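Each remark here refers to the structure printed beneath this line.
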Amino acid sequence: MSTPTASTRALGAVSGLVAATAGVLAAHGTAALLPGVTPPVTAVGNRAIDWTPQPVKDWAIETFGAADKAVLVGGVLLTVALLAGATGLIGVRRRGTALALLAGLVVLASAAMFTDRASTAGPVGQGLTATVLAVVGLGGLWWLLDAVGTGRPAVPVGGLRSRAGAATTRTRVLRSDDTDLEATSDFDRRRFLQAAGALAAVGAAGGVVVETGGAAAVASRDALRLPAPAVPAVPVPDGVSFELPGLTPHLTSNADFYRVDTALTVPDVPLEGYRLRIHGLVDHPLELTFSDLLDRRLVERRITLTCVSNPVGGDLVDNATWIGVPMRELLAEAGVQQHADAVKSTSADGFTAGTPLEALTDDREALVAIGMNGEPLPLEHGFPVRMVTPGLYGYVSATKWLVDLKVTRFADFSAYWTSRGYAERAPIKLSSRIDVPGSFERLDSGRRVVAGVAWAQPHGIDAVEVRVDGGDWQQAELAEEDSTVTWRPWRWDWPAEPGTHRLEVRATDRTGETQTSQRVPVAPDGSTGWHSVTVTVT
Ligand SMILES: Nc1nc2c(c(=O)[nH]1)N[C@H]1C(S)=C(S)[C@@H](COP(=O)(O)O)O[C@H]1N2
Ligand SMILES: [Mo]
């Protein structure tokens, strides 16, 4: 057997890529048609998320922010592309080896799919999807490689080839100056193009289904009209914000609200068949449908949600109006037993959180929320049901796509992030942020506004101070307080003089605690330190 030419090898690599792409797209299309099935790239991505060491994850969140999922999926796709290309390349000489290698990748992906934490489908749905991946990927690779040939010397034109159609169409391959391939390969161009075309069609069909299909939750949400809450939110007091360009608005729109979760594809949880189980250390386990929740007392409140991954000065904190059933009323209905101290919540995609029982039963009034800013929850923010608990970081208290509440003891379980090194109890730390001026902004000298937000759920902000270049702390003016569980804007008029200056902010809460200057990273229980910006005044 002669050594394959460069062109033949390139065709081999392309074969691997085309076959893998078609297989993955077809599998994702299949998964989109089957409720609860996790498709291969998502399953491998979920594995990657679950197995990535904590410091790497923190680095990824800090570096890529909201794009962290796209980066992860991109990484998975790039890896698959490299492996598939290499496999195809090997396949030019050793077709059996290449098919075995690709089969190995299919088996790994299938293993990830069958054991995926987010999958709620049975083995049949996952098996069907894995089968589509295997048939399209492996069949496609075999077909393409067969057309590429092995780099054997070409049979003379019009010769004795048995493969139908091959001999007559093989006179010209690639560009006319590509004598290499023409002379030495048995590349069957027509057969290759047929195979590639068929695979492209299968892949495109899969892609179209992924784009248009799935998401039964979308239809559910579109059809849903929330009833007016029994207890509507008190009107927003005047003066809760300052009308300043660059200052964060008091209420965050659903579209602008930060999003943090481990879900690579948004869980599809339609209202039909939805159940919220409340069980564990309770006297009367409950299983509530969505309309059971609508029938309970609905309360509307503004609450600022905060992520433990928010670095000093970061924007993983937002404020919305939530509608929900008070958690403590549901727990009272279920009858919590004496020795319980925690509630383990589980989402439809297998995420778990552990919340101290007292935070769910005291008068901060945590919600089992169904509405956000007057609408049903957006899909990305937990449709149809999520938790919102004032004063605790989201990872221990704000489970989205909520399906299960188990009253239990902290000693008896660990939750998603606590089993990855984060703290079991995670009250939100007193924080403040400078929104204007922005970092490294250039300003004209004179009176300049320095402004931002501060939050201290559930105690409330008492004071905010600003200092310039390490000088004396100056009292900032506070906006009207909306409530102790919402953030509070502040402003300070700065007589800015030319030069490069460093502005720092610190807040004090109602308990008298002032923010510490000590910088600690977000893991394991939230960042501390003063936010500062450096600006140039001319
Ligand atoms: N199902 C599920 N719920 C979840 C998470 C998650 O990964 N999965 N992340 C939590 C975290 S870390 C935060 S900060 C909040 C963020 O809620 P948001 O995306 O609506 O802003 O959701 C919480 N609820
Ligand atoms: Mo978070």
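The values are calculated or read from the model by the stated rules, or taken from the named source; none is laboratory data. Only a predicted model underlies this, so the values are computations on that prediction, with no experimental measurement involved. Neighbour counts run over all protein chains shown; Cβ positions are idealised from the backbone, glycine included. Keep in mind that these areas ignore ligands, DNA and RNA; they rest on the heavy atoms of the full protein, side chains included. Shrake-Rupley method; radii C 1.70, N 1.55, O 1.52, S 1.80 Å.
Which condition from (1) under 21 Å from PRO384 (Cα atoms); (2) within 16 Å of ligand 2 (Cβ to nearest atom); (3) open to solvent by 40 Å² or more (accessible area, probe 1.4 Å) is the one that ASP315 breaks?
Tallying (1) under 21 Å from PRO384 (Cα atoms); (2) within 16 Å of ligand 2 (Cβ to nearest atom); (3) open to solvent by 40 Å² or more (accessible area, probe 1.4 Å), ASP315 fails exactly one: (1).
Select from segment 374-401 the residues that are aliphatic (A, V, I, L, M) and either crowded, with 23+ Cβ neighbours inside 10 Å or under 12 Å from PRO356 (Cα atoms) (or both) and list them in ascending order.
Across segment 374-401, the qualifying residues are LEU377, VAL385, MET387, VAL388, LEU392, VAL396, ALA398.
Out of all the residues in segment 402-417, which are out of contact with any helix residue (DSSP H, G or I) (no Cβ under 8 Å at 6 or more places or on another chain) and either closer than 10 Å to ASP341 by Cβ or open to solvent by 20 Å² or more (accessible area, probe 1.4 Å) (or both)?
Those that are out of contact with any helix residue (DSSP H, G or I) (no Cβ under 8 Å at 6 or more places or on another chain) and either closer than 10 Å to ASP341 by Cβ or open to solvent by 20 Å² or more (accessible area, probe 1.4 Å) (or both): VAL403, ASP404, LYS406, THR408, ARG409, PHE410, ALA411, ASP412, PHE413, SER414.
Just checking, does segment 326-346 include any residue being within 16 Å of ligand 2 (Cβ to nearest atom) and open to solvent by less than 20 Å² (accessible area, probe 1.4 Å)?
Checking segment 326-346: at least one residue is within 16 Å of ligand 2 (Cβ to nearest atom) and open to solvent by less than 20 Å² (accessible area, probe 1.4 Å).
Here's a check for you: in segment 426-440, which residue that is touching a residue at least 40 places away in the same chain (Cβ under 8 Å) and either within 15 Å of ligand 1 (Cβ to nearest atom) or of a type in the set (Phe, Trp, Tyr) (or both) is nearest to GLU358 (Cα to Cα)?
ALA426
From the list GLU375, GLU380, pick out the single residue that is under 27 Å from the mean Cα position of the chain (by Cα) and either assigned by TED's automatic domain parsing to the domain that holds THR486 or within 16 Å of ligand 2 (Cβ to nearest atom) (or both).
Selected residue: GLU380, the only one of GLU375, GLU380 that is under 27 Å from the mean Cα position of the chain (by Cα) and either assigned by TED's automatic domain parsing to the domain that holds THR486 or within 16 Å of ligand 2 (Cβ to nearest atom) (or both).
Could you please find all residues in segment 425-436 being within 15 Å of ligand 2 (Cβ to nearest atom) and among the charged types (D, E, K, R)?
The answer is ARG425, LYS429.
Every residue in segment 297-312 that is over 23 Å from ALA523 (Cα atoms) and within 16 Å of ligand 2 (Cβ to nearest atom), please.
Within segment 297-312, ILE303 is the sole residue that qualifies.
State whether the residues of segment 405-416 include one that is within 12 Å of ligand 2 (Cβ to nearest atom) and in a helix (DSSP H, G or I).
So far as segment 405-416 goes, no, none of its residues is within 12 Å of ligand 2 (Cβ to nearest atom) and in a helix (DSSP H, G or I).
Report, by residue number, each residue of segment 385-406 that is of a type in the set (D, E, K, R) and within 10 Å of ligand 1 (Cβ to nearest atom).
Once the filter is applied, which keeps residues that are of a type in the set (D, E, K, R) and within 10 Å of ligand 1 (Cβ to nearest atom), segment 385-406 yields ARG386, LYS400.
If I ask for residues that are touching a Gly at 6+ places or on another chain (Cβ under 9 Å) and either within 11 Å of ligand 1 (Cβ to nearest atom) or open to solvent by less than 10 Å² (accessible area, probe 1.4 Å) (or both), which ones from segment 347-366 would you list?
SER347, ALA348, ALA353, ALA359, ALA366
Step by step: first the residues of segment 48-58, then only those that are surrounded by 13 or more Cβ atoms within 10 Å (Cβ to Cβ) and assigned to a helix (DSSP H, G or I), then the one that is modelled with the lowest pLDDT. Which residue is that?
This residue is ASP58.
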